[in-house]
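These notes concern the structure reproduced below.
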Protein chains: 2
Amino acid sequence: MALIVQKYGGSSVRDTERIKKVAEHIVATRKAGHDVVVVVSAMGGTTDELLGLAQEVTAAPTPRELDMLLTSGERVSNALVAMAIQALDGAACSLTGSQAGVFTNAAHGRARITDMDPGRVRQELDRGAIVLVAGFQGVNRETGDVTTLGRGGSDTTAIALAAALKADTCEIYTDVDGVYTADPRIVPDAGRLDHITYETMQELAACGARVLAPRSVEYARRHGVPVHVRSSYHSRPGTMVCAAREVPAAERPSITGVAHDESGAKITVTGLPDRPAHAARVFRAVTDAGAELDMAVQNASHPADGRTELSFLVPADRCLSVLAALRGQHAEIGFEDICLDQHIGKVSLVGTGMRAQPGVLATFCETLAAAGVNIDIISTSGIRISAVCRAAQLGDAVRALHTAFGLGTPEAPAMVSAEGEEVRART
Amino acid sequence: MALIVQKYGGSSVRDTERIKKVAEHIVATRKAGHDVVVVVSAMGGTTDELLGLAQEVTAAPTPRELDMLLTSGERVSNALVAMAIQALDGAACSLTGSQAGVFTNAAHGRARITDMDPGRVRQELDRGAIVLVAGFQGVNRETGDVTTLGRGGSDTTAIALAAALKADTCEIYTDVDGVYTADPRIVPDAGRLDHITYETMQELAACGARVLAPRSVEYARRHGVPVHVRSSYHSRPGTMVCAAREVPAAERPSITGVAHDESGAKITVTGLPDRPAHAARVFRAVTDAGAELDMAVQNASHPADGRTELSFLVPADRCLSVLAALRGQHAEIGFEDICLDQHIGKVSLVGTGMRAQPGVLATFCETLAAAGVNIDIISTSGIRISAVCRAAQLGDAVRALHTAFGLGTPEAPAMVSAEGEEVRART
């Protein structure tokens, strides 16, 4: 008998028909002899409706009240799933994040879990019940206030519960059937991965792969929780996210996949004095405006005036407040002008084996050049190369890289694995 | 500076426009220099929508999960009102029933408040905030489970907070402008009462007056909370519900008002052995089926067979389950047949002065007879006379009694007050 944590996203519970299907699946898991803890997101569309109500009331709702508002959505879906399970004669009990012992810091809207105390969950499991836990939400121990965990928060709730309960596995049910080498809507021959390491999954997620939020993967990695990403529409296995040592040797590719992201906008600050303090002031202003920076690059300063140019990406939905913040500190920062470019995309190649393969960066650039894609900014980490290009060329860039690195072909070329062994990737 | 608790019903916050109006009114109260605690019901229609979802999932949702589901409605409305106040530059903080320290027993769906610990409310008031508290909900201290207080629960929340905080007044904002001598839709010359005693209000509420739930009035009486029932559409004073000694002498009428109730159904059990144990079995079966009994009356037994007939009212929406329960215990109870009559109504005359006026019951019966209304069952308490009649005659009965007891005329006849003094009522 195993202990299984299952998480269902908003589209899996978007109406009461789907809720009844989910309940059947949960009851079947219980009847197979397992202890089951379930995390359910708000019914699809609920969060947008609630945000719409908030916008009707005020253009700038406070994060604390927004959290109070939004957390109602998961109460509804979890209570309905519990009722549907009870209607199938299963014992069930729904708990709020607070009741389930999900404690967070006080950062409303993007809280981090500080500790887990799943005593009540354990108690309900011990009396034979299926336990439903409202995802995405927690409580701050000091204030008693309700918090939310930000994007992908329900994944984090599920993984944190799995860690705290030492569950055998955490199943993330979604509307795709696993993690792919690229987005199949863009790359028709993209392949589903049977296994992926936490590290690689985290990079793919950070680079725009939407199947799991980066923060939840980080949590799984830190606590060694085996995560199974699978479809809520059929019972075939999906993708296991696990430690590198648990990935079968034959599945340890040098390059794992291509991710893309269209959610950024590029800001360029020109005529900036080329002294460290000035770039720091820009970064501070951006951070204070609530935006995360990405792909920052500074040009060599112009010999004539010692001034330089700083470019970076911010989330497109924050770019106007970032611009306002920068313009408000024009004098202190001391720049000449700011340009905004909203028509950009970012393509990223991810794989742990990249470290061992010096030619990857060259191949990456040659491939994009051959595809006619102009690189605007390029940045590399140990297991990732990312490039900013025109948004209109993003699909071409993804397809070209996917093919060039042999990700889509059933007979992938021989590559050096992360451990330096020569393996045949993905066969 | 006073401490005022305000309660707004679902129709007062049915959309975001009304929510903004309510916020303006709250902020105006705060700007007048008062500390303000606000209890808001779920937005009009929300509770029915949530019940509809539950019904789609199962015909018999468990009370615990139903409470988890329904309490989401008040979180939404309270958070939205808090945001609307903040948009007007008011400091505001919304709290769940649990955060506000509303502790109840474990009777899901009809929980009773066991104790109040409004420390967090006091703390937020001390820092100058307007405090919003989700009505209708509490938490059980032993289990940590969310509970609801049943019909009129938000009134009870407001009154309980007013009692615990020793507030100067509890204002109940509603879509009528006070308590009337009868329902103005039925009796055109019904008059608004400036004052009414807890005792009388409780009887009127129990007899069908919908402006306040009986349980909330009982709570106010027990804790001596002055309750001001008033309109959310204008600022004119409404009706003060208070202790008898606080009602001005000139406003101490012998008879206060006429209430009516169409929500009951009459059940008659025939051929019942005329021994106490048998009636008791009937009452136990009805109570176990979750229905409250009212107006029970037993006929003298028939000399031939020693059998009798027992009639009583139950809420119409419970009558089918009561019938099923009784039929299921046919043999144990030992009756011959059951009749159900759903076309009945109940009219009640209420007033504390009734005790001192021996002729009231006779006048009551003569009035109904003269109006052609046949009395089916009659029952009296110290301050109330109730009669069951045909539903179709209920309006006639209310109007006839209202006129006969001089409730609607500006020059009411001299009557003996509750204290035995002769006063001119309601002039």
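A:Leu361 satisfies every condition listed in (1) part of a strand (DSSP E or B); (2) touching a Ser or Thr at 6+ places or on another chain (Cβ under 7 Å) except (1). Within region B:90-118, the set of residues being more than 14 Å from chain A (Cβ to nearest Cβ), under 21 Å from A:Ser98 (Cα atoms) and in contact with a helix residue (DSSP H, G or I) (Cβ under 6 Å, 6 or more places away or on another chain) comprises just one member, B:Met116. Candidates in region A:255-310 are the residues that are among the hydroxyl-bearing types (Ser, Thr, Tyr) and part of a loop (DSSP other than H, G, I, E, B); of these, the one that is modelled with the lowest pLDDT is A:Ser301. Criterion first (in contact (Cβ under 8 Å) with a residue 24 or more places away in the chain, under 26 Å from A:Met83 (Cβ atoms) and surrounded by fewer than 23 Cβ atoms within 10 Å (Cβ to Cβ)) does B:Thr58 satisfy it? Considered against the rule, which asks whether it is in contact (Cβ under 8 Å) with a residue 24 or more places away in the chain, under 26 Å from A:Met83 (Cβ atoms) and surrounded by fewer than 23 Cβ atoms within 10 Å (Cβ to Cβ), B:Thr58 comes out as no. Residues in region A:1-18 that are surrounded by fewer than 24 Cβ atoms within 10 Å (Cβ to Cβ) and of a type in the set (Val, Ile, Thr): how many? Looking only at that region, the number is 2. Residues that are farther than 25 Å from B:Ala91 by Cβ, among the small types (Gly, Ala, Ser) and within 14 Å of another protein chain (Cβ to nearest Cβ) are absent from region B:164-178 altogether.
Only a single item in (1) modelled with pLDDT under 95; (2) touching an Asp or Glu at 6+ places or on another chain (Cβ under 9 Å); (3) buried (at least 17 other Cβ atoms within 10 Å of the Cβ); (4) closer than 25 Å to A:Ile255 by Cβ is not met by A:Ser379, and it is number (3).
Looking only at region A:331-372, residues that are small (Gly, Ala, Ser) and under 25 Å from A:Val314 (Cβ atoms) come to 4 in all.
Of all residues in region A:56-77, those satisfying the criterion of being at the interface with chain B (Cβ under 7 Å from one of its Cβ atoms), part of a helix (DSSP H, G or I) and either within 15 Å of B:Ser72 (Cα to Cα) or out of contact with any Leu (no Cβ under 7 Å at 6 or more places or on another chain) (or both) are A:Glu56, A:Glu65, A:Met68, A:Leu69, A:Ser72, A:Arg75, A:Val76. Among the residues making up region A:190-228, those that are part of a helix (DSSP H, G or I) and of a type in the set (Val, Ile, Thr) are A:Thr200, A:Val217. When region A:1-29 is filtered for residues that are of a type in the set (Val, Ile, Thr) and in a helix (DSSP H, G or I), the ones remaining, listed by number, are A:Val13, A:Thr16, A:Ile19, A:Val22, A:Ile26, A:Val27, A:Thr29. Per the conditions (1) at the interface with another protein chain (Cβ under 7 Å from one of its Cβ atoms); (2) out of contact with any Pro (no Cβ under 9 Å at 6 or more places or on another chain); (3) small (Gly, Ala, Ser); (4) surrounded by fewer than 19 Cβ atoms within 10 Å (Cβ to Cβ), the sole criterion not satisfied by A:Ala87 is (2).
When B:Thr47 is tested against (1) assigned to a helix (DSSP H, G or I); (2) modelled with pLDDT of 95 or more; (3) within 21 Å of the chain's Cα centre (by Cα); (4) not basic (Lys, Arg), just one condition goes unmet, and that condition is (2). Residue-level analysis places B:Val187 among those that are β-branched (Val, Ile, Thr) and more than 26 Å from A:Leu95 (Cα to Cα). When B:Ala324, B:Ala397, B:Ala404, B:Ala371 are checked against the criterion of being modelled with pLDDT of 90 or more and buried (at least 20 other Cβ atoms within 10 Å of the Cβ), a single residue qualifies: B:Ala397. Among residues of region B:273-296 that are within 21 Å of B:Ile344 (Cβ to Cβ), those with a beta-carbon under 7 Å from a residue that is assigned to a helix (DSSP H, G or I) and among the polar types (S, T, N, Q) at least six positions away or on a different chain give the pairs B:Ala289/B:Ser321; B:Gly290/B:Ser321. The residue that is surrounded by the fewest Cβ atoms within 10 Å (Cβ to Cβ), counting only those in region B:151-160 that are touching a helix residue (DSSP H, G or I) at 6+ places or on another chain (Cβ under 7 Å) and either within 14 Å of chain A (Cβ to nearest Cβ) or not hydroxyl-bearing (Ser, Thr, Tyr) (or both), is B:Gly152. Assessment of region A:23-46 against the conditions (small (Gly, Ala, Ser), facing another protein chain (nearest Cβ under 7 Å) and either crowded, with 24+ Cβ neighbours inside 10 Å or under 24 Å from A:Gly144 (Cβ atoms) (or both)) yields no matching residue. When B:Val81, B:Val139, B:Val146, B:Val121 are checked against the criterion of being more than 11 Å from chain A (Cβ to nearest Cβ) and in contact (Cβ under 8 Å) with a residue 40 or more places away in the chain, B:Val121 stands alone in meeting it.
Screening A:Gly138, A:Gly224 for residues that are within 27 Å of A:Gly119 (Cα to Cα) and crowded, with 23+ Cβ neighbours inside 10 Å leaves exactly one candidate, A:Gly138. Can you work out which of the residues in region A:97-109 that are of a type outside the set (A, V, I, L, M, F, W, C) and under 23 Å from the mean Cα position of the chain (by Cα) is nearest to A:Leu161 (Cα to Cα)? Only one residue tops the list, namely A:Gly97.
The values are calculated or read from the model by the stated rules, or taken from the named source; none is laboratory data. Remember, it's a predicted structure, so these values are computed and weren't measured experimentally. Positions of Cβ are backbone-derived with ideal geometry, glycine not excepted, and every protein chain shown enters the neighbour counts.
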